[in-house]
1. Can you name the condition, by its number, that F110 falls short on among (1) open to solvent by less than 40 Å² (accessible area, probe 1.4 Å); (2) closer than 16 Å to Y131 by Cβ; (3) at pLDDT below 95; (4) touching a His at 6+ places or on another chain (Cβ under 9 Å)?
2. Kindly indicate whether R68 is part of a helix (DSSP H, G or I) and either open to solvent by less than 30 Å² (accessible area, probe 1.4 Å) or touching a helix residue (DSSP H, G or I) at 6+ places or on another chain (Cβ under 7 Å) (or both).
3. Under the condition of being in a loop (DSSP other than H, G, I, E, B) and without any contact (Cβ under 8 Å) to a residue 40 or more places away in the chain, which residue from the range 153-175 is most open to solvent (accessible area, probe 1.4 Å)?
4. Can you name the condition, by its number, that I37 falls short on among (1) under 21 Å from the mean Cα position of the chain (by Cα); (2) buried (at least 18 other Cβ atoms within 10 Å of the Cβ)?
5. Considering each of D53, D57 in turn, give the residue that is acidic (D, E) and either open to solvent by less than 40 Å² (accessible area, probe 1.4 Å) or in contact with a helix residue (DSSP H, G or I) (Cβ under 9 Å, 6 or more places away or on another chain) (or both).
6. Considering L178, L190, which residue is closer than 25 Å to G82 by Cβ, open to solvent by less than 80 Å² (accessible area, probe 1.4 Å), modelled with pLDDT of 95 or more and not charged (D, E, K, R)?
7. So which of I77, I37, I62 is of a type in the set (A, V, I, L, M), under 24 Å from P11 (Cβ atoms) and at pLDDT 95 or above?
8. Out of T100, T120, I need the residue that is open to solvent by less than 40 Å² (accessible area, probe 1.4 Å), closer than 24 Å to L178 by Cα and assigned to a helix (DSSP H, G or I). Which one?
Amino acid sequence: MTKGQHGKDEPVRQRLLAEATRLFAERGFEGTSVQEIVVAAGVTKGAMYHYFDSKDDLLREIYGRVLRMQMDRLTQIADGAGTVEQRLHRAAADVVETTTANLDDSKIFFRSMHLLAPETQKTVRAERRRYHERFRDLVAEGQRAGVLSGKVPAELVVDYFFGSVHHLGTWFHADGPLTGAQVGRHFADLLLASLGAGHVDE
């Protein structure tokens, strides 16, 4: 459970997260000690424990802040204007773009999630599940309306799509030939095409 998230304390909390992210990326979660994190952040262990209960808590928050941002954006898109095809296309492109923009955070988490305490793993999986269910609801909405093919269950469509999203960390590079936004649009086009939708004008 994170603590002290507001006001003048925020820079210290952000510094701890930034240094933990850097060290976990360089040395791995297991290869990084709390002492190394606090030294790099220029704070005491007591200061760290004011914000985070444990090293597990730091790792969870590295991913959690990305997931919360993505959930907020998905909610706005899903509840926003446009046809269901347009909203699904926008949501699919957005999750790819935001994942590529925060690739280190996602890679660190997925590489180390199995090292978290069982209860923490369970909590994070439940949070991610809520995101997937909101995305699935968009697919199901289009299927009910008859504008998207219902041949494949919405749940399976979402599992297939997010398998590709979670794989981004193995090949995407910020200095590559395509930007995250371009990859996002291509992924969204492929998703809509697989569901029998024509070209979606945004």
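1. Result: F110 passes all but (1).
2. No; evaluated as a whole, the condition is false for this residue.
3. Looking at the filtered set, the residue picked out is D175.
4. (1)
5. D57
6. On the way: L190 fails: open to solvent by less than 80 Å² (accessible area, probe 1.4 Å).
That would be L178, the only listed residue that is closer than 25 Å to G82 by Cβ, open to solvent by less than 80 Å² (accessible area, probe 1.4 Å), modelled with pLDDT of 95 or more and not charged (D, E, K, R).
7. I37
8. Working: T120 fails: closer than 24 Å to L178 by Cα.
Going through T100, T120 in turn, just one is open to solvent by less than 40 Å² (accessible area, probe 1.4 Å), closer than 24 Å to L178 by Cα and assigned to a helix (DSSP H, G or I): T100.
The values are calculated or read from the model by the stated rules, or taken from the named source; none is laboratory data. Just so we're clear, the structure is a prediction, and the values are computed from it rather than from any experiment. All Cβ positions, glycine included, derive from the backbone under ideal geometry; neighbour counts span all protein chains shown. For the accessible areas, the whole protein counts, side chains as well, though only heavy atoms, and no ligand, DNA or RNA atoms are used. Shrake-Rupley method; radii C 1.70, N 1.55, O 1.52, S 1.80 Å.
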